Amino acid sequence: MTTTIERAVDERTYASYSRPLLWRLVMTREFAIITVLITVFTYATGQIPNFDGPLTLYYLFLDTAPIMLIALPMTLVIITGEIDLSVASIMGLTSVMLGIGFSDVGLPMPVAILLALAVGAVCGGANGFLVAYVGLPSLAVTIGTLALYRGIAVGLLGTEAITDFPEYWTDLAKQRLVGDELTGGAIDSYPVILIPFVVLLVAFVWLLHFSSFGRGVYEIGLNDEAARFSGVDVERTKMWLFVLSGVVSAFAGIYYTLRFGSARGDNAEYYELQVIAAVLLGGVSIFGGRGALHGVVAGVLLIGVLQSAMRLDGTSTNIANIVIGLLLVGSVMLTSVLSWVSALTSGRARREPPPPPHNPQQSAASDATRSH
Amino acid sequence: MAEVVKAPQSPVLELAEVRKSFGPVVALRSGSLSVDAGSIHALIGENGAGKSTMVKIVAGVHRRDSGTFRFQGGDVDFGSTAESKGSGIAVIYQEPTLFPDLSVTENIFMGRMPRGRGRRIDRKAMWAEARELFQRLGVDIDPRRPALGLSIADQQIIEIAKAISLDASLLVMDEPTAALSGVEVQRLFAVARSLRDEGRALVFISHRFDEVFDLCDTVTVMRDGAYVGTHRVADTTVPELVKEMVGREVGDLYPKSPATIGEPILQVDDLQSAGVFHDVTFQVRAGEIVGLAGLVGAGRSEIARAVFGVDGYDSGSVRIGDRAVPPRSPRAAIKAGIAFIPEDRRQQGLVVDSSVARNVASVIRGGLTRGGLLTGRAENRAAAPWAAALEVKTNALDMAATTMSGGNQQKVVIAKWLATTPKLLIIDEPTRGIDVGTKAEVHRLLSELAGQGIAILMISSELPEVLGMADRVLVVCEGRITAELDRDTATPETVMAAATNTAPSELSLSKDAEMVHEVTA
Amino acid sequence: GSDDDGGDGGDGGSGGDSSSITMIPKNLGNPYFDASTAGAEAAAEEFGGSVEEVGPDTATPDSQVSFINTAAQQGAGAVVVSANDPSAICDALEEASSAGVKVVTFDSDTEPECRDIFVNQADAAGIAAKQVELIAAQIGDEGEVAILSAAANATNQNAWIELMEADLEENHPNIELVDIVYGDDDDQKSFDQTAALLSAHPNLKGIISPTTVGIAAAARYLSTSDAKGKVALTGLGAPSQMKAFIEDGTVTEFALWNPEDLGYLAAFAANALASGDIEGAEGDTFEAGKLGEYTVGADGVVVLGEPYVFDAENIDQFKF
Amino acid sequence: MSSHTLTRPPAPAESSASAARRVLGGLLRSRELAVLLVLVLLVVVTTAKSSNFLFGGDGWRDLLVTPSILLLLAAGQTLVIITRNVDLSVGSTLGLTAYLTGKLFIEVPDLPVPLVFLAGLAFGALLGLVNGLLVAFGRVPALVITLGTLMIYRGVFLEWAGSDRINPSDLPAGFLSLGTDQLLTIPVLTIIALVVVAAVGYYLHTSRGGRELYAIGSDPDAAQLFGLPVTRRVLAAFVVCGALAGLAGVFYAARYGSISSNAGRNIELEAVAAAVIGGVAIFGGSGTVWGAAAGAFLLVTIDRALPVLGIPDFWQRAVVGALIIGAVVLDRVLKKRQERRLIEARDQS
Ligand SMILES: Nc1ncnc2c1ncn2[C@@H]1O[C@H](COP(=O)(O)OP(=O)(O)OP(=O)(O)O)[C@@H](O)[C@H]1O
Ligand SMILES: Nc1ncnc2c1ncn2[C@@H]1O[C@H](COP(=O)(O)OP(=O)(O)OP(=O)(O)O)[C@@H](O)[C@H]1O
Ligand SMILES: [Mg+2]
Ligand SMILES: [Mg+2]
């Protein structure tokens, strides 16, 4: 027997992971969503007339681009445990600012675009300031700015719609990556908007998954006090995320304006719920701390593919909405349903008289399943 | 299998060979406990020995996997906390369970508020009863104020009031004294004794032997999720219990080696924060352990938090070496070489839902970036040696910290901060809720770190710890440093006198002090 | 691309045949457009094509775009659309056009260059003048009036409002247009806006609501209000919805064309385009079943006819 | 605890004077009163500008009756928010129930009106039950679930109704007149809504169940550990919220008469906003249904008052947004002050 507690001389070694790689990849909600996406896409390609046509992907990307774009910063915002409901209103306001800047003030287009981006940054900054530094709940703050920014947008333009954008810019929004001439008349499916999207995606993947900042984002979502005690600047991180959300929303608003060639106060109204639905469908926890961008991209695409397939199939959009709603509920319920099913079995055990001490297996089994 | 000390009447609570596992983790292998009416039974064991798990089984939070669970002579199997409460079991959990938005009174009577006419809650009756309870506990808390903003000690008192008011035949207290000061502990003990004298059974969990010997009649020791033995407190000694707890003898609990004290590292001047602390001036030198003693609520943690920058301050300055540390920025403090191990492990020290590796690497991860990328592999590589150095018990680095016992969690926090190779280590309640074995280890580590020339500022509410480890003791009372004592002049009497701002002779501390000596010896 | 239309009407319309017409109203759930779609279906029956109605739930500017895109993907013969925004759907229409889909707008136009033909319910000036004439008669050609419109950006309503403002200024100096509010073609909002109008303008004498949802909601509010009989209401309404209010005296006269005829004509125009009979140039003529022959006017506009005025005498004769 | 706690005896029973001061102080600091004050101010200013905003026959009636629908929704929402949940599906529930009401009358034209109210309540409760079951048993975030059911219910509604609509002529005159009927000049719908608010408020304030809802929202984990019937209470909150949305649907049918598939669209955020303006904390545990009711009144009245005040239609939403933010900031300031007071009180004890 030792007289003192000795520090181990031989260094302990640790396995890096408790589960094999395949398990860690497959047993995730992200993987489940990607599987569903691939299944739906394959089914639609084979079964739905015209879905395999060249226009489907092109329109899919054009339609989902604003949601895909905003989903990126929204993912980070939600992972910190906050939420930004004002994104669609920022889109509307930047759309109006772009129109006013270009048409009423007469700024050159690039300057008007910069102005609109700056407006987005200011809007996001105001959200961020109220949430991070004043310490207000983001749900309440952004319900407020949702109305405020939209109100300003609608107030500034009223019934007017500014539509005299230069063709160069409106075409750019719909430009295909490879022009018709190069592919010899065949139409390329990928619009140019994918370039900024991919750039932003890479940037956000790096930011969230491969940078110290991203680790801080997760820590804030899991326990912001502990994050602060570890030197994470919680306020500044949140502030930046809201600013990013504002700027990217502004970018989406500019794209939206140019794509439709029309700056109006009510542009992109009610987009916020679509963005949030997509992010949540992609496996991000609304409580913060959990989620990954590949799941979110799959979530956005899944919604887009479903809508596009159902439209082509002649199914009404209502059914598409119902399906998306069911998927959303189903995806968050998935884990609970499993434990609920096993709780049913143990529930049966519970209604019986307390298990006699000599029969430990039964309650052991039931409790073990319930605690998962 | 257990050789339980038999009491004349049949025990109120009887657990035998109870087993409980959480997935792969076996929290309780074979727990046994037998508690008689009219007695106070201590339950002791190292961190992670399974004490809280057993409590939660008794409370109906968890269900046992197997084993016997008898209460008042009958087999029971609680499916919820409501069931156990209904059968007459009151539990004070290790973590407070208060509702911050509700009034103190409502917290006490939640779920069973007295009702008057028309099934309306009778608030008057409730307030009156709460006031009576507080009177009995000898505290002055407005029964109508919300629980929000109560100090940890007051929160614990509300928990106690809640449990007492249940009028239960069995009262289980899981480390109720961890956040209480000496006087409050004595008052709690008085109440506990009177409950015992009314014929109720009590279970008391604590890591402080002095309390166990002061209060309890019998003691059960657990180790590694299993029952080890039960003794009459009168028939046993601290070393014997310690031996049973850790399965071997623990040597010196305070292995303080004489330090070579060097240059001043931390210099705090005239730090002031309205209503919290005033005129705080002190310095900590390389290789020195400075103890910050005082009653709970004296403001020691606040001083430490201000130095580290999580809290702001109104005036004054903090310097490391000759560089000023800017206020309100933990980041800057870390860069200046300060490490801070906070008092609340689960809330402040760790992101418990995050993995061991990410926790350990969380402060140094900025430096792990290679080619602009921070990868999980880099974090694991950086975390592994520190986890190994502190003997963190986990089978893989991606396990969430939440699955670990308190002591192991504390090791993760220490590993995280040592990884930053700090010049100054501030450690708030280094061994709160930690068993003797680990405690000795932590103390040894602190001593070793001081030996390596790190300056250490240690806040502790355990007098023996302060006296045993510190080269110099600063005593804080109501936000002011009221005394500075060196190792030779610091005694329980002098420290307590400064902590309560009374002359040593007025103190009726002798009992506590004796106990302290007994344990330290 | 257009080939001869066979007589294979009635199938789902998912093929790429020229006889399939996609109707895209401003939004679904609007009785006005239900009537126009019914008219289009009747027309398709006659010329042997098929009509599929798709559209957004709400009348937002961009929401029609994906339906137009889908029609292009499906290779529909023609799309017939009532535009929520004059320019937002332009590019989608142009793309559909370049994919060989003929584009007809009806009820509410886009920029002229984005479509082949606009089937106009009535000449805009005529519609505006008719409503001004009705309100002037009802309030004795003097006093305050207000307009309760649909969405703030609705092309057709805005065009009419502009013309009405000019008309009032020029020909009715004693009538003052005090407010224009927007009910977004939503029952609740239109109803509440009516209430707001009355309380904001105590001296209001009349309300013009150039939209069927708006006039019905306004009538419903007025019928329960003290202002009933004191504040005149007119505009464009569906007789089936307005019948009760004509009978109880809330409303004396209002106007509309037959939306079924409008859809009927639009479908014929679309068919004529899709089958290559006409190109949409000024002077082109085509047959429109029971309505007879129509000529494409300047800017590719085809005008259905004069608005029709409904009153207590004739309201029982109409079912839409 | 500071050390001199030991010496001071427990607080003596307070004098009646200090009790009165406490009540008065409480009122002055009360959030509900602040909102009410703003409301009164708004009505006064608007009336000064145009006297029939308040004194006109319609003005008085509309002032009271227009908020009644939002009042019901806000009361239901308060129940749910207090438990740290949220119900975004109320707009869809309202629309579906309103349409159902119309359909019922078309099928059975001489259905007694009270029965229709019951049917609306029951149907709404059923939809609320679905939300409640998913949230309470699934232990999943209500925001996600009710965002899902918002889409599902609306989709079902659209599928069912298509472009069909209910017109006033489909509804019996007796039912429609409820939209304007008054009792002692107070509209009937307002009276019903106020009775509902009072009942919910009474329950929350004086019953064990009500206090447990607060406890659950204040700290759900503690409530679980404490042994409160969390599942049952949360379920009940959602059922009541759904039932009130259903009742609001019947109100909608009675007041507006025409119901298309757009009925109730996007009203959910207004209901949440009303609660937030009224001081119901979005993270549960505090707030009263009185506050939410005052918030609903204010929100609706602002909408009606701005045009009278000459602020163009288009700027109304901006004003509402600014108001919401102002309310949240005010809440924060009040809460900070209360916290500081509590800590001071503790230090002085
Ligand atoms: N919910 C849980 N899931 C997984 N493991 C758990 C859980 N609860 C407890 N454990 C594990 O069970 C073991 C016993 O924990 P328990 O909390 O009972 O210890 P304890 O004796 O109370 O320790 P301490 O003195 O630190 O409070 C620990 O190793 C702990 O990690
Ligand atoms: N939650 C709180 N919010 C604001 N101020 C607090 C809070 N808790 C404590 N304080 C203030 O700080 C002072 C000291 O608090 P605290 O109990 O943490 O002191 P301590 O000496 O560090 O005690 P401990 O032994 O618990 O570490 C209190 O007197 C009180 O005024
Ligand atoms: Mg424990
Ligand atoms: Mg402390």
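Tell me the total accessible area that D and B bury against each other, 1.4 angstrom probe, in square angstrom rounded to 100.
3700
Report the FRET efficiency, 1/(1 + (r/R0)^6), for D:Ala122 and D:Arg232, where r is their Cβ-Cβ distance and R0 is 22 Å, rounded to 0.05.
E between D:Ala122 and D:Arg232, to the nearest 0.05, is 0.70.
Round to the nearest 10 and report in Å² the accessible area of B:Trp127, as given by a 1.4 Å probe over the protein chains' heavy atoms.
It works out to around 50 Å².
Could you work out the relative contact order of chain B? I mean the mean sequence separation of Cα pairs under 8 Å and 6+ apart, divided by the number of residues, in percent.
16
So which DSSP H runs in chain D come out at 24 Å plus along the axis (Cα) with average Kyte-Doolittle of at least 0.0?
Membrane-span-like by this rule: D:31-49, D:90-107, D:113-138, D:142-161, D:188-206, D:230-256, D:289-308.
HN-Hα J couplings of region B:55-63 from phi, Karplus 6.51/-1.76/1.60, θ = phi - 60°, integer Hz, Gly and Pro as x?
Ordered by residue, 3J(HN,Hα) equals 4, 5, 5, 4, 7, x, 6, 10, 10 Hz.
Report, to the nearest whole %, how much of the accessible area of the protein assembly as shown belongs to carbon and sulfur atoms, 1.4 Å probe, protein only.
Whole-percent figure for carbon plus sulfur exposure: 57.
Keeping all protein chains in place, calculate the accessible area per residue for region A:32-164 (probe 1.4 angstrom), answer in Å².
29
Just check region C:202-247 against the gyration tensor rule for me: Cα atoms, a ≥ b ≥ c as the square roots of the eigenvalues, rounded for a/c under 1.5, and otherwise prolate or oblate depending on whether a/b exceeds b/c.
Oblate shape, in that a/c is at least 1.5 and b/c is the bigger or equal ratio.
Considering amide H positions built from the backbone, and no H for Pro or chain starts, which residues 5 or more places from B:Ala483, or on another chain, come under 5 Å of its amide H?
B:Val475
Between D:Ile311 and D:Ser169, how high is the FRET efficiency from 1/(1 + (r/R0)^6) when r is the Cβ-Cβ distance and R₀ = 45 Å? Nearest 0.05. Please list the in-between numbers first.
Details: r = 36 Å, r/R0 = 0.80.
Between D:Ile311 and D:Ser169 the formula returns 0.80.
Considering only protein heavy atoms, what per residue accessible area in square angstrom results for region D:149-195 with a 1.4 angstrom probe?
Each residue of region D:149-195 exposes 40 Å² on average to a 1.4 Å probe.
Determine the percent antiparallel among the DSSP beta bridges restricted to the protein assembly as shown, to the nearest 5. Walk me through the intermediate numbers first.
Working: 55 of 129 bridges.
Expressed as a percentage, antiparallel bridges in the protein assembly as shown total about 45.
Using only DSSP helix segments of four residues or longer, with each worth -39500 (n - 2.57), what per-residue ellipticity at 222 nm results for chain D after dividing by its residue count and rounding to 500?
Numbers: 15 runs with 252 residues, N = 349.
-24000 deg cm²/dmol, from helical runs alone.
Under the rule a/c < 1.5 gives rounded, and otherwise a/b versus b/c splits prolate from oblate, where does chain C land using the Cα gyration tensor?
Prolate, since a/c reaches 1.5 and a/b exceeds b/c.
Run lengths n ≥ 4 of DSSP H only: what is the helix-derived mean residue ellipticity at 222 nm for chain B, with -39500 (n - 2.57) per run over all residues, to the nearest 500?
About -10000 deg cm²/dmol.
Towards the positive end of the charge dipole of the protein assembly as shown, with charges on Cβ (+1 Lys, Arg; -1 Asp, Glu), say which of D:Val108, C:Ala78, D:Ile166 has the farthest Cα.
D:Val108
Starting from the 7 Å offset along Cα-to-Cβ, what nm value, one decimal, do you get for the label separation of D:Asp110 and D:Leu129?
Going from the D:Asp110 label point to the D:Leu129 one covers 3.1 nm.
What 222 nm value per residue comes from the helices of chain C, counting each DSSP H run with n ≥ 4 as -39,500 (n - 2.57) and dividing by all residues, nearest 500 deg cm²/dmol?
Estimated from H runs of four or more residues: -12000 deg cm²/dmol.
Can you list residues whose amide H is under 5 Å from B:Asp314's amide H, if they're 5+ apart or on another chain and H is modeled 1.01 Å from N?
Amide H neighbours of B:Asp314, under 5 Å, 5+ apart: B:Gln272, B:Ser273, B:Ala274.
Gaussian network model of chain C, Cα springs within a sub-10 Å range: biggest mean-square fluctuation belongs to which of C:Ile117, C:Ile127, C:Ile175?
C:Ile175
Helix B:376-389 versus the longest principal axis of chain B: what angle, 0 to 90°, nearest 10, using Cα atoms?
Helix B:376-389 sits roughly 80 degrees off the main axis of chain B.
Hey, what angle do you get for helix C:65-74 against the long axis of chain C, alpha-carbon based, 0 to 90 degrees rounded to 10?
20
No other cysteine beta carbon under 4.7 Å away is the test; run it over the protein assembly as shown and list who passes.
Here A:Cys123, B:Cys216, B:Cys477, D:Cys241 come out as lacking a disulfide-compatible partner, given the Cβ-Cβ threshold of under 4.7 Å.
Which of rounded, prolate or oblate describes region B:297-369 when judged by the alpha-carbon gyration tensor and an a/c cut-off of 1.5?
Here region B:297-369 falls in the oblate category.
List the residues, sorted by chain then number, that are 5 or more residues from C:Ile278 or on another chain and whose placed amide H is less than 5 Å from its amide H.
Those lying under 5 Å, H to H, from C:Ile278 are C:Leu273.
For region D:65-311, compute the orientation-averaged projected area of the C-alpha convex hull (one quarter of its surface), in nm².
Values: hull surface 53.9 nm².
Mean projected area of the Cα convex hull: 13.5 nm².
Once R0 is set to 51 Å, what does the formula 1/(1 + (r/R0)^6) return for the Cβ-Cβ distance between B:Asp224 and B:Val183, expressed as a FRET efficiency to the nearest 0.05?
Rounded to the nearest 0.05, the efficiency is 0.90.
Apply the Karplus curve 6.51 cos²θ - 1.76 cosθ + 1.60, θ = phi - 60°, to the phi angles in region A:232-243 and return the couplings in whole Hz, x for Gly and Pro.
Here the 3J(HN,Hα) series is 6, 7, 4, 4, 5, 4, 5, 4, 4, 5, 5, 4 Hz.
What distance in nm lies between label points placed 7 Å from Cα along the C-beta direction at C:Asp316 and B:Asp235?
Taking the simple label geometry, C:Asp316 and B:Asp235 are separated by 10.9 nm.
Short version: ³J(HN,Hα) in whole Hz for each residue of region B:457-469, in order, from phi by Karplus 6.51 cos²θ - 1.76 cosθ + 1.60 (θ = phi - 60°), x for Gly and Pro, what are they?
In residue order, the calculated couplings are 10, 10, 9, 8, 8, 9, 3, x, 5, 4, 5, x, 9 Hz.
Helix C:259-274 versus the longest principal axis of chain C: what angle, 0 to 90°, nearest 10, using Cα atoms?
30
With each pseudo-label sitting 7 Å past Cα toward Cβ, what's the B:Asp122-D:Phe283 distance in nm, one decimal?
In this crude label model, B:Asp122 to D:Phe283 measures out at 3.7 nm.
List, in the order given, every pair from B:Lys416/D:Lys335; B:Lys256/B:Lys393; B:Lys162/B:Lys416; C:Lys228/D:Lys49; B:Lys51/B:Lys162 whose Cα-Cα distance in the structure shown is over 28 Å.
Values: B:Lys416/D:Lys335 35 Å; B:Lys256/B:Lys393 25 Å; B:Lys162/B:Lys416 37 Å; C:Lys228/D:Lys49 23 Å; B:Lys51/B:Lys162 21 Å.
Going by Cα-Cα distance, B:Lys416/D:Lys335; B:Lys162/B:Lys416 fall outside the 28 Å limit.
Could you grab the relative contact order for region D:65-311? Cα pairs under 8 Å, six or more apart, rounded to a whole percent.
Relative contact order, region D:65-311: 43 percent.
What is chain C's relative contact order, in percent, from Cα pairs under 8 angstrom and six or more apart in sequence?
Values: 744 pairs, mean separation 64.9, N = 320.
Here the relative contact order equals 20 percent.
The values are calculated or read from the model by the stated rules, or taken from the named source; none is laboratory data. Keep in mind that this is a model prediction, so the values were computed, not measured. Ideal geometry is used to build each Cβ from the backbone, glycine not excepted, and the neighbour counts take in all protein chains shown. Heavy atoms of the whole protein, side chains included, go into the accessibility calculation; ligands, DNA and RNA do not. Shrake-Rupley method; radii C 1.70, N 1.55, O 1.52, S 1.80 Å.
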